[in-house]
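The values are calculated or read from the model by the stated rules, or taken from the named source; none is laboratory data. Treat the numbers as computed from the prediction; the structure is a model and nothing was measured. So basically every Cβ, Gly included, is an ideal-geometry build from the backbone, and we count neighbours across all protein chains shown. For accessibility, only protein heavy atoms count, side chains too; no ligands or nucleic acids. Shrake-Rupley method; radii C 1.70, N 1.55, O 1.52, S 1.80 Å.
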Amino acid sequence: MKVKNPYLPIPAVVKRAYIETTDHMLRTLELKFLKEEDAQAFHFIPGQFCELSIFGKGEAPFGIASSPTEDGRLTFTINKAGVVTTALHHIEEGSEIGIRGPLGNGYPMELFKGKNLLVIGGGFAFTTLRSLITYFLHPANRSQVNQITVIYGARMPGLLLYKEELNSWQKREDIHLVVTVDWGDKDWKGKVGLVPNVLEELAPSSENTIAVICGPPMMIKFTLPKLVALQFPDERIYTSLERRMKCGIGKCGRCNIGHLYVCKDGPVFNYAQLKNLPRDD
Amino acid sequence: MMEDHWEPKILAFLCNWCSYAGADLAGTSRIQYPPNIRVIRVPCSGRINPLFILKALQSGIDGVLVSGCHPGDCHYLSGNYVGRRKSVTLKRFLEYLGIEEGRIQFSWVSAAEGGKFAQVVSEMVEKIKGLGPNTRFSTTLFS
Amino acid sequence: MIQEKIREIAKDLLRTKKVDLVIGFGEWTLPLRTTPLFIRTPEGADHLVWNSFCENNLAVYLHKFNQFKVGVVVKGCDARSIVALTLEKRFKRDQLFLIGVPCQRMVDRRKVKRAVQGEILHAFEEGDQIFLEGEEFKTTLRRDQFFYSSCQTCIHRTPLHTDVLMGDPVEESPLTEILPEVKAFEEKSPEGRWDYFKKEVSRCIRCYACREVCPMCYCEECFVDSSNPKWIERGQLPSDLMFYHIVRAYHQTGRCSGCGACERACPMEIRLTYLTQKLNQEVKDLFNFETGIDLEASPPLSTFRMDDHQDFIK
Amino acid sequence: MKWKLEKKDFQKFLQGLMEDYDLFAPVKLTEGVSEFKKINQPEEVYLNQLFTQKPAKEVFFPQSEVMFHYEKRGGQTQTISLEEIERERILLGAKPCEIKAISIIEKVFMSGESIDVYFLEKRRKTIIMGLACNHPLSTCFCTSTGGSPFLREGSDLFLIDLGESFLMEGITGKGLSFQENKFLKEPSEEDLNTAQLIESKAFQKVDSSVPVEGIEKRLDLMMESTFWNRVHEKCVGCRICTYLCPTCHCFDMVDEGGPQRGQRVRNWDSCLSPLYSLETSGHNPRPTGRERTRQRIMHKFNYYPKIYGQVACVGCGRCILYCPVHFDIRKAILWTSPKRPKKYEERSSS
C-alpha cells in the first residue's frame, strides 16, 4: 500500500487578501483548495496550524484563523518578518499557494464543554483564539460552553485584528468582550491599559472556568500570576506555543521542548504540562 | 547551447559617478561596441563585494567587468583605492585557483571617456570569446 | 620546564585575581591530542600541559569571553590572531594576559597515525622523540618528521606582544619557505588547479568546522547562512561547495595567521591551508604586510596606498 | 545458516549482486577518508575495518535530498515527488553500531501519524549486509549502549572477515535468500571456530564501563544543573559530531529555484548551530552553547529514551574521534553518574 507523503503541499489559491492593521505588518489571506476532494478531506479544529508554501521561497507555519464552522473558509493572518512571510505579503489574489495540514493538536474542545471560557489574547497571537471563539459562538456550538469572556489587547487601536468582527461581538449578549490598547488615540473610545491589569480589574471567577491565553511572551509572563491569583489551577490554563518549525510532523527536530514536539504534541499545552517540561526558552 | 552560436554574457559593475556616465557617453555619442554586456550601476567601485563577482560567475556569466573612477577622482575620495586592493587580491586568488585569466577585468573609465569604455568592452568581449564559455564555475540549476 | 612555568603563571594570575580565567591546554582521553581547558581556580592550573599536541588556536574562545579578563596560553600563530583581532577591535588588549610559549612546532597526529599499523593507545614525547604504544607494537618516531605543514612554513614561532614569555625565543626561520602544497598546486595548469580544488572540496560536508575553529571567523551571520540575500544553496552542489571555500578563504585575506586550525578541524581531511597561505603570500608581496606582527598597522584591505599595484587595471 | 565466501570470489560475488541491486558500500575518497556510495565497479568497494566518516545512515537519509520538483505548467504548479527509488538496494559493509542506529532513526521516521516516505522507501527496499567489527577502537563503547561489535540484529546477512574469506550468516529471510548463490560454500569447523575467537576478542576490547545505564533518570534531575554551564565551554559550535553521528537525524527543508520551477530539498541540520532554533522574530530559545550542548546530550540520553525506551547513542565514538576540540561524550556521560571521579571536579569539561 502506498503511504501518503506528508511533505507534499496541497495546491490552493489565494481567494482574498487584505491588510489588517495600520502598520501594514499583518495581512489576512483567505485560501481555497484547488481540488474539491482536498477541501472535503481537510478537517481541522481551532488551535491547529498549517505549513504554507510559496514555491521558491519555502515554507512557514501559521495558526488557522478561521473556524471549522465557517463553511470551509480557511484564513491565516500573517506577520511580515522573514522571507516566506514577506512573500506572503506580496502574493496577489488568485495566486497559487501550497498548504500542508492541519497540523498539531488544537484546543481540547471536549474538555471545554460545560465550562466557562476566559480567552485572553494579545497582539497578532489572536488568530487561533478567533478560531476558537468563532467556533463556540456558532449557534450549533454555543450551548457547549457557558459564559464566554474575551480580553483582547493590542499596542494601539490600529493594530487590532478583525475589527468588524470585534464590533459585532461587542453587540452580542452571549459574549463578554473587553478590548484594550496600550496607547489610545484621539478616536479611541475603548479601554486603555495592559492586558494583565485589565484582567485584574475584571477579576473573572475561576470557578468552572478554562482560561486560554495567547500573546507575546511579556504579556504571558505578567498575566499568568494574575490568573494564579484568581485561583486558576495550572491544568485549566491553556496556551499555544511557538517554535521554529520545519516539517510540522515531529521528524525534523528543532521545535522540541524536552521530549515533546511543539508541532506534533502541541502547539496547545496547559500549564500543568509545561511546568513538568524542562525550561528551554 | 551550440558552441558556434555562443555569445559571451558579460556583467559590468559600473560606478555611478564615472564609468556609468562614461558608458552613457559612449551611447549618446553613438560609439559602437558589442552588445554583450549587462550593466549594474553601483555607487562606487569600492562597493564591489567579492560575493557579487563570484555569484555572477556561478550563475553562468562568462566575464565580469568592474569599472570605476581614475585614481584621485573618486566621488568618495578613496573608495576606488580600497577597491583596488580588493580587486587585485581577488583576481590573483581566483587565477591561482584556476579561473581563467581575463574572466574578471578591471578598468578606470571617467565620465568623459566614452571611447575608452567602448574600447574596454570590445577588448573584453574578444578576450572572453577566446576563453570560451565559463564552464568551470557556472551552475545552471533552475532559471 | 615550560609546562611548570605555565602552571605557575596561571596559578599566580588566578590567585591574585588578575584574570577571571585562564584558557590553556590539558590532557584528555586520546593520545596525540590535548583539549582546551578553562581554568578558574589556582588548583585547577595543575591540569595545564604543554607538548607537541597543543594544536588548537585558543584565540577562538576570546569572543565568548570578551566580557572577562582572560589569561590565555598562546603559540606564535595564536598570538598573531590575537593581534589581528585587536586591530579589528574585537576586544581590548588590556583584557588579556598572554602567556606566550615559543613554539617548537606542532605534531600532525594524522601523519603519525599513518606511520604505524594499528591503533595508537599511548603516546608521549621526550626531546625529539615520540614514543608510541599500541596493542601489538611499540615504536619511536622522530618528532621533526611529523610537523603540521602549516608549522613547517611558520616564521614567527615566538609569540609577539605577549605579557610573559615561557622560555627563550626560538629562531625565526621556516623549515620550508613555501608550503609544499602551495608549490605543488602552483605547478599545475590552471585547469589542473581548478580540478584539484574541486575534487578536494567535493568531500565537504558543510559542518563548518573550518569556520568555527577560526578566530577570524566571527561574523554575526556568515554569508552561507544568510537567507536574504541567499548567496548559495544549502546542499551539496559542487559549485556551492567551491563558492563557500573560495569566500571562506578569501575573507581571511590579510587576517590569517596561518595557524592551520581550519585544516586540522576538517573531518574529511580537505586541504585548506594552500588557499590561505597563498593569500598571505600575496598580501606580503603586494602590500608588504604580515598578519599579527604590527600592533599599529591597519589591516591591508581596510586601507590603501596611493602607489598600490594597479598594472592589472585598464 | 552459515556460508563461506572466499575473498578471491568476492568481486565476482559483488558483480552478481550488482546485476539485481544497486550496491552501496564504503568507497575511498582519499587517504583515511571514505564514504558510503553507490558502487559502479566492484573494485571500488573499500571494505576494511576502518570507519567511514559519515555513517551508513546516508544511504537512507542523504545529507542533501531532493524531496520533490515543482513546476508551473499552464498556470498551475505541479509537484513531482522523488520518493520512489527504482531498484532495490544492498547496503554492504555497515558496522553493527551503524545498523543499530538505523533502527533508532527508523523509530522516528517510520512511526506516528505521519510517515517519512523518503526514508521508508529506501529502508523497505534495502537489504543490509552488515560487517562484523573485528577491531574495535579504544573510543568504541557500543557494549555500554546495548550493542556489540558482532550484533547481528538489523542485518539481513552478516559478514565476518576471516582474513582470506568471509563467513556469512543469513539472519533474515532476505538474507537467507542468497543461499543459492554459486560463490557461497560450506564453512569448515575451523572457520566457525576462528569466527568465534575473533568475536570474543572483539567483544572484550570494547569499553563497557561507560555508565549509560540509568542515565535517563539521572538527567531528569539535571536540566538546570551547573554542569551545563561548563560542559559546553570548549565546543566551538561546528556540526561534526551531529553530522557524523549515526543516530542524529535532524534536517532542514529549503527551496532551490524560482517561482516557475525548482525543487524542495532537505539537508541535514544540527542542534549545535545557533540558526537551528532561531526564530524569525530574532528570539532564540537556545541562545548559547549551554542550551545547545544540553539539547544534544539530552536528546540522546533523555528525550529520545522517554519516547522510545532506549538511548539514541550507539557508542561508535565518531564524535570523540573527529571533534576538533576533543570533546568526549563518554566523559559527559560519566559526569552525570555517581561514579564520577573526584579529581575531575575542578575541570568540569568533557
Positions within the range C:165-179 being over 21 Å from C:Asn56 (Cα atoms) and open to solvent by less than 60 Å² (accessible area, probe 1.4 Å), in sequence order: C:Ser173, C:Thr176
Taking the residues in the range D:175-202 that are among the polar types (S, T, N, Q) and outside any helix (DSSP H, G or I) as candidates, determine which candidate is nearest to D:Gly163 (Cα to Cα). D:Ser188
Number of the condition not met by C:Lys75 [criteria: (1) among the charged types (D, E, K, R); (2) in contact (Cβ under 8 Å) with a residue 60 or more places away in the chain; (3) open to solvent by 10 Å² or more (accessible area, probe 1.4 Å)]: (3)
Select from the range D:104-143 the residues that are more than 30 Å from C:Glu135 (Cβ to Cβ) and assigned to a loop (DSSP other than H, G, I, E, B) and list them in ascending order. D:Met110, D:Ser111, D:Gly112, D:Glu113, D:Ser114, D:Ile115, D:Asp116, D:Lys125
Turns out the helices (runs of 4 or more DSSP H) fully within the range A:58-161 with at least 3 residues that are more than 29 Å from A:Asp174 (Cβ to Cβ) are A:83-90
Could you look through the range A:49-86, keep only residues that are of a type in the set (Val, Ile, Thr) and within 9 Å of chain D (Cβ to nearest Cβ), and pick out the one that is surrounded by the fewest Cβ atoms within 10 Å (Cβ to Cβ)? A:Val83
Does C:Phe131 fit the bill of being in a strand (DSSP E or B), open to solvent by 50 Å² or more (accessible area, probe 1.4 Å), in contact with a strand residue (DSSP E or B) (Cβ under 8 Å, 6 or more places away or on another chain) and within 29 Å of C:Ala10 (Cα to Cα)? yes
Tally the residues that are of a type in the set (S, T, N, Q) and either over 18 Å from A:Ile210 (Cα atoms) or in contact with a strand residue (DSSP E or B) (Cβ under 7 Å, 6 or more places away or on another chain) (or both), restricting the search to the range A:114-160. 6
Hey, D:Leu50 at negative phi, surrounded by fewer than 18 Cβ atoms within 10 Å (Cβ to Cβ) and within 16 Å of the chain's Cα centre (by Cα) or not: yes
Within the range B:73-93, the residues that are in contact (Cβ under 8 Å) with a residue 24 or more places away in the chain, farther than 14 Å from C:Ser302 by Cα and open to solvent by 20 Å² or more (accessible area, probe 1.4 Å) are B:Asp73, B:His75, B:Tyr76
Limited to the range B:103-126, what total is found for residues that are over 13 Å from B:Tyr33 (Cβ atoms) and over 13 Å from the mean Cα position of the chain (by Cα)? 3
Out of D:Asp252, D:Asp269, sole residue that is modelled with pLDDT of 90 or more, under 19 Å from C:Cys210 (Cα atoms), open to solvent by 20 Å² or more (accessible area, probe 1.4 Å) and within 8 Å of chain A (Cβ to nearest Cβ): D:Asp269
Only one of C:Pro299, C:Pro229 is open to solvent by 10 Å² or more (accessible area, probe 1.4 Å) and touching a residue at least 24 places away in the same chain (Cβ under 8 Å), namely C:Pro299
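Here's the yes/no breakdown for (1) open to solvent by 10 Å² or more (accessible area, probe 1.4 Å); (2) within 30 Å of C:Gln145 (Cα to Cα):
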{"residue": "C:Lys18", "(1), (2)": "yes, no"}
{"residue": "C:Gly44", "(1), (2)": "no, no"}
{"residue": "C:His47", "(1), (2)": "yes, yes"}
{"residue": "C:Asn66", "(1), (2)": "yes, no"}
{"residue": "C:Arg80", "(1), (2)": "yes, yes"}
Enumeration of residues in the range C:97-125 that are part of a strand (DSSP E or B) and either touching a strand residue (DSSP E or B) at 6+ places or on another chain (Cβ under 6 Å) or surrounded by fewer than 16 Cβ atoms within 10 Å (Cβ to Cβ) (or both): C:Phe97, C:Leu98, C:Ile99, C:Gly100, C:Ile120, C:Leu121, C:His122, C:Ala123, C:Phe124
Unmet criterion (only one of (1) surrounded by fewer than 20 Cβ atoms within 10 Å (Cβ to Cβ); (2) farther than 26 Å from D:Met222 by Cα; (3) free of Cβ contacts under 8 Å to residues at least 60 places away in the same chain; (4) of a type outside the set (Phe, Trp, Tyr)) for A:Lys221: (2)
So how many residues does the range D:93-126 have that are away from chain A (no Cβ under 14 Å), open to solvent by 10 Å² or more (accessible area, probe 1.4 Å) and either touching a helix residue (DSSP H, G or I) at 6+ places or on another chain (Cβ under 7 Å) or of a type in the set (Phe, Trp, Tyr) (or both)? 1
Single residue of the range A:228-246 satisfying the filter (touching a Cys at 6+ places or on another chain (Cβ under 7 Å) and facing chain D (nearest Cβ under 10 Å)) that is farthest from D:Arg286 (Cα to Cα): A:Lys246
The range C:260-282, residues that are facing another protein chain (nearest Cβ under 8 Å) and either in contact with a Pro (Cβ under 6 Å, 6 or more places away or on another chain) or closer than 27 Å to D:Cys245 by Cα (or both): C:Ala261, C:Arg264, C:Ala265, C:Pro267, C:Met268, C:Glu269
Would you be able to say whether some residue in the range C:159-177 is closer than 29 Å to D:Tyr322 by Cβ and at pLDDT 95 or above? yes
Of the residues in the range B:94-143, those that are in contact with a helix residue (DSSP H, G or I) (Cβ under 6 Å, 6 or more places away or on another chain), farther than 28 Å from D:Gly257 by Cβ, buried (at least 22 other Cβ atoms within 10 Å of the Cβ) and aromatic (Phe, Trp, Tyr) number 2
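Residue-by-condition table, conditions (1) more than 14 Å from chain C (Cβ to nearest Cβ); (2) more than 28 Å from D:Met253 (Cα to Cα); (3) open to solvent by 40 Å² or more (accessible area, probe 1.4 Å):
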site: D:Lys28; (1), (2), (3): no, yes, yes
site: D:Gly32; (1), (2), (3): no, yes, no
site: D:Phe36; (1), (2), (3): no, no, no
site: D:Pro42; (1), (2), (3): yes, yes, no
site: D:Ala56; (1), (2), (3): yes, no, no
site: D:Phe60; (1), (2), (3): yes, no, no
site: D:Gln63; (1), (2), (3): no, no, no
site: D:Arg73; (1), (2), (3): yes, no, yes
site: D:Thr77; (1), (2), (3): yes, no, no
Report yes if some residue within the range C:237-259 is within 23 Å of D:Leu29 (Cα to Cα) and facing chain D (nearest Cβ under 9 Å); otherwise report no. yes
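Conditions tested, residue by residue: (1) over 18 Å from C:Thr291 (Cα atoms); (2) part of a helix (DSSP H, G or I); (3) more than 13 Å from chain D (Cβ to nearest Cβ); (4) hydroxyl-bearing (Ser, Thr, Tyr).
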| residue | (1), (2), (3), (4) |
| --- | --- |
| C:Thr41 | yes, no, no, yes |
| C:Asp46 | yes, yes, no, no |
| C:Tyr61 | yes, yes, no, yes |
| C:Lys64 | yes, no, no, no |
| C:Gly71 | yes, no, yes, no |
| C:Asp78 | no, yes, yes, no |
| C:Thr86 | no, yes, yes, yes |
| C:Lys89 | no, no, yes, no |
Let me confirm something: among A:Lys264, A:Lys251, which residue is surrounded by fewer than 24 Cβ atoms within 10 Å (Cβ to Cβ), facing another protein chain (nearest Cβ under 10 Å) and either in contact with a Leu (Cβ under 7 Å, 6 or more places away or on another chain) or not aromatic (Phe, Trp, Tyr) (or both)? A:Lys264
